[in-house]
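The values are calculated or read from the model by the stated rules, or taken from the named source; none is laboratory data. Here the structure is a predicted model, which means the values were calculated and not measured. Cβ placement follows ideal geometry from the backbone for every residue including glycine, while neighbour counts extend to all protein chains displayed.
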Amino acid sequence: MPALLLSEQQIENLRSGTPLLWLNPAYGDRASAPARPEVEQMLAAEQRLARFAPLLAQLFPELAANQGLIESPLLTAPILHQTVNPLGGRTLIKADHALPVAGSIKARGGIHEVLCFAEQLALEHKLLSGTDDDYRKLRQEDARQLFSRYEVAVGSTGNLGLSIGIIGAALGFRATVHMSIDAKQWKKERLRKRGVQVVEHDADYGAAVAAGRAQSDADPYSYFVDDENSPRLFMGYAVAALRLKQQLAEQQIPVDADHPLFVYLPAGVGGAPGGITFGLKALFGEHVHCFFAEPVQAPCMLLGMAGAPGSEPLPVYDFGLQIDTDADGLAVGTASQWVCDTVRDQLSGVYTATDDSLYRQLLLLKQLESIEVEPSAAIGCLGPAMLNTTAGQQYIAHHQLADRLSQCSHLIWTTGGSFVPDSEYQGYLQKAIEKSNSKLS
């Protein structure tokens, strides 16, 4: 087994499914990150989404009030704060579980990538005279006829598939989503009702991606969205940082040397949290501290970040893990090497959590803040408590943050939930209540 930046105890915790907080030894070491996109690419993604906004407002009525902007609210959580945050300061929620159109954190990145492809085709075929043209033209019949000749395809555990499938079908593309065994049935049904072809695989995320990529590569009119290696996806996700900066300013919440920001991001293959981390570090630098959060049964980003720069991440199966988790959005066996190398010096650390703890946080979000999420979206609630562990306190001491904790902000980033059918959510809630009661007994 290749050398990993892990202690023997951490390796034992990984093998036994015991939660841990891993601190990134490469944090702040620019030389450790062999890949780094340009910040201008994030700004270009923001501009592209703005160009498409009038069209999106027509395609999706729920976007009309916000002039076609796909964004989620930034919420204060004073009641939840009292329960989940032992460090002080304030607790915030970036409510991507409520993102319109696709209902998850994947909406920005997935939709942005399909819009990149649509824009490319429209400019090549002279349906747009330039990027200053009226993009609402792309709703007309000649555009839809052009797009219908092409397929957009993706491999997904669920949420990315929803975003790609929904925007692809809305623009007139043939949309195909290869779903892993972890994907929920209701997500498959929602896609099929939108006219999306769903291909089910009796294997994990990696296998679904590989099968989808192979099928797409065989068709010259197919465009494959590669969650593991896509700068277009990554920059669409990164735009969230620009939006968050504006929301923080509007709520007069400072982020600076005296007011650090801690961000807790659920992580699967790494694209969405990686893009957001890239964006936040570009905007706030050393004053923002980003931590990824993963199920104990699928700590693929932890393994990827603990590996050597430029090396292929180890799969979780090498540690006897079987991705046995209800956090389907995070049920990934092997991390994206490209993402690991891109944020290798920017990520503060990774923590892992049991499904039982996710359900308890899901219940707290419902009881204390009336927020309904998927299990995977609740994992960020554990961030402040993980920073209160021995490893977390080491991080705080090393970065001389102890005397600023009363002035810091802790941001829980949720991922999915608003599209979950009520019957499905009630099942989550009942399971959460049972687990909470069993802990009390």
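Of everything in the stretch 87-107, what is in a loop (DSSP other than H, G, I, E, B), closer than 20 Å to T414 by Cα and out of contact with any Pro (no Cβ under 6 Å at 6 or more places or on another chain)? Give them in sequence order.
Once the filter is applied, which keeps residues that are in a loop (DSSP other than H, G, I, E, B), closer than 20 Å to T414 by Cα and out of contact with any Pro (no Cβ under 6 Å at 6 or more places or on another chain), the stretch 87-107 yields G89, L99, P100, V101, A102, G103, I105.
Determine whether the stretch 423-438 contains at least one residue that is under 26 Å from G304 (Cβ atoms) and either touching a strand residue (DSSP E or B) at 6+ places or on another chain (Cβ under 8 Å) or among the aromatic types (F, W, Y) (or both).
Checked the stretch 423-438: no residue is under 26 Å from G304 (Cβ atoms) and either touching a strand residue (DSSP E or B) at 6+ places or on another chain (Cβ under 8 Å) or among the aromatic types (F, W, Y) (or both).
Mind listing just one residue for me: the one in the stretch 1-40 that is among the polar types (S, T, N, Q) and surrounded by 15 or more Cβ atoms within 10 Å (Cβ to Cβ) and, of those, nearest to the chain's Cα centre (by Cα)?
Step one: filter the stretch 1-40 for residues among the polar types (S, T, N, Q), giving 7, 9-10, 13, 16, 18, 24, 32.
Filter once more, so that each one left must be surrounded by 15 or more Cβ atoms within 10 Å (Cβ to Cβ): 10, 13, 24, 32.
Numbers: Q10: 25, N13: 25, N24: 20, S32: 23 Å.
Step by step, filter the stretch 1-40, then rank; the result is N24.
Among the residues of the stretch 347-357, what is the count of those that are of a type outside the set (D, E, K, R) and either surrounded by fewer than 24 Cβ atoms within 10 Å (Cβ to Cβ) or not assigned by TED's automatic domain parsing to the domain that holds A298 (or both)?
Matching residues across the stretch 347-357 total 4.
Is at least one residue of the stretch 212-229 of a type in the set (A, V, I, L, M) and surrounded by fewer than 22 Cβ atoms within 10 Å (Cβ to Cβ)?
Yes; the residues of the stretch 212-229 include at least one that is of a type in the set (A, V, I, L, M) and surrounded by fewer than 22 Cβ atoms within 10 Å (Cβ to Cβ).
Just wondering, is there one or more residues in the stretch 321-331 that are more than 17 Å from the chain's Cα centre (by Cα) and under 22 Å from S7 (Cβ atoms)?
Yes: one or more hits.
So L411 fits all but one of (1) closer than 19 Å to F262 by Cβ; (2) assigned to a helix (DSSP H, G or I); (3) in contact (Cβ under 8 Å) with a residue 60 or more places away in the chain; (4) among the aliphatic types (A, V, I, L, M); what number is the exception?
All conditions are met except number (2).
So if I check each of R360, R344, R404, which one is buried (at least 24 other Cβ atoms within 10 Å of the Cβ) and among the basic types (K, R)?
Answer to the check: R344.
Please go through the stretch 261-295 and give me each residue that is in contact with a Leu (Cβ under 7 Å, 6 or more places away or on another chain), of a type in the set (V, I, T) and touching a residue at least 60 places away in the same chain (Cβ under 8 Å), ordered by number.
V263, I276, T277
Considering only the stretch 53-72, I want to know if a residue exists there that is outside any helix (DSSP H, G or I), surrounded by fewer than 18 Cβ atoms within 10 Å (Cβ to Cβ) and not aliphatic (A, V, I, L, M).
yes
Tell me yes or no: at least one residue of the stretch 233-247 is part of a helix (DSSP H, G or I), without any contact (Cβ under 8 Å) to a residue 60 or more places away in the chain, closer than 24 Å to E40 by Cα and of a type in the set (F, W, Y).
No: zero hits.
Being charged (D, E, K, R) and either touching a residue at least 60 places away in the same chain (Cβ under 8 Å) or crowded, with 16+ Cβ neighbours inside 10 Å (or both) narrows it down to one residue among E374, E434; which is it?
That would be E374, the only listed residue that is charged (D, E, K, R) and either touching a residue at least 60 places away in the same chain (Cβ under 8 Å) or crowded, with 16+ Cβ neighbours inside 10 Å (or both).
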